[in-house]
1. Of the conditions (1) at pLDDT 95 or above; (2) more than 24 Å from residue 159 (Cβ to Cβ), residue 112 satisfies every one except a single condition; which number is it?
2. If you check every pair at least six apart or on different chains, which have Cβ atoms under 7 Å apart with a residue in the stretch 76-104 that is under 12 Å from residue 131 (Cβ atoms) first and a residue that is among the small types (Gly, Ala, Ser) second?
3. Report, by residue number, each residue of the stretch 105-152 that is among the basic types (Lys, Arg) and surrounded by 12 or more Cβ atoms within 10 Å (Cβ to Cβ).
4. Applying the selection to the stretch 92-133, what residues are assigned to a loop (DSSP other than H, G, I, E, B) and either of a type in the set (A, V, I, L, M, F, W, C) or touching a helix residue (DSSP H, G or I) at 6+ places or on another chain (Cβ under 6 Å) (or both)?
Amino acid sequence: MNDDEKRENRKRSEVLGLSGAKRALKERVLLKIVIIGNTGLIWDTAGQEKYNSLGVAFYRGVDACILVYDVNARNTFAAINKWLVGFVDQANVKCPETFPYLLLGNKVDVDNGAHRQVSVKQAKDWCRSKGNVPYYETSAKDGLNVDNAFLHIAKIALAPHDKDMYDLAARFKASRKEVK
């Protein structure tokens, strides 16, 4: 990340009032902002165990979950179930079977896949076993598929809210007809 990008991230964090949260963690928590008619905040704990105790505070009220593993490190893929169970528990997900998840296999750019330890088939099999969770292979370094993955999860996460807004608008329209 160059100096201009660092300044822009710092500026965004201050505008959003997140600089205090970063200081409280005494670590750099990664932040990416996706805008689709709304602003979405995405916290990335980088799979660090030390953030587990903060899960309840961070996960409360979330609309989606992105699980990320390194395609070149089997242990990160093996830990996905543990992270999923921890998330469901700490976020108090009412219906885990229908909650929006996305699985990302990251670092596909490393050595053109020469050191890959988790195959696409293994990842897709895991996704099928969890109710057809969407799967993307990404390179955070090169940006490969990152925007597509974030747009996909954002659309899935916002879909129930869009339906609620449509239902609310329809009820409002119906109630206005009744008044006339």
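1. The single condition residue 112 does not satisfy is (1).
2. What qualifies is 97/131; 100/64; 100/157; 103/123.
3. First, the residues of the stretch 105-152 that are among the basic types (Lys, Arg): 107, 116, 121, 124, 128, 130, 141.
Within the stretch 105-152, 107, 116, 124, 130, 141 qualify.
4. Going residue by residue through the stretch 92-133, those that are assigned to a loop (DSSP other than H, G, I, E, B) are 92-100, 107-109, 114-119, 130-133.
Listed by number, the residues that qualify are 93, 95, 96, 99, 100, 108, 114, 117, 118, 133.
The values are calculated or read from the model by the stated rules, or taken from the named source; none is laboratory data. All values derive from a computational prediction rather than experimental measurement. Virtual Cβ from ideal backbone geometry, glycine too; neighbours counted across all protein chains shown.
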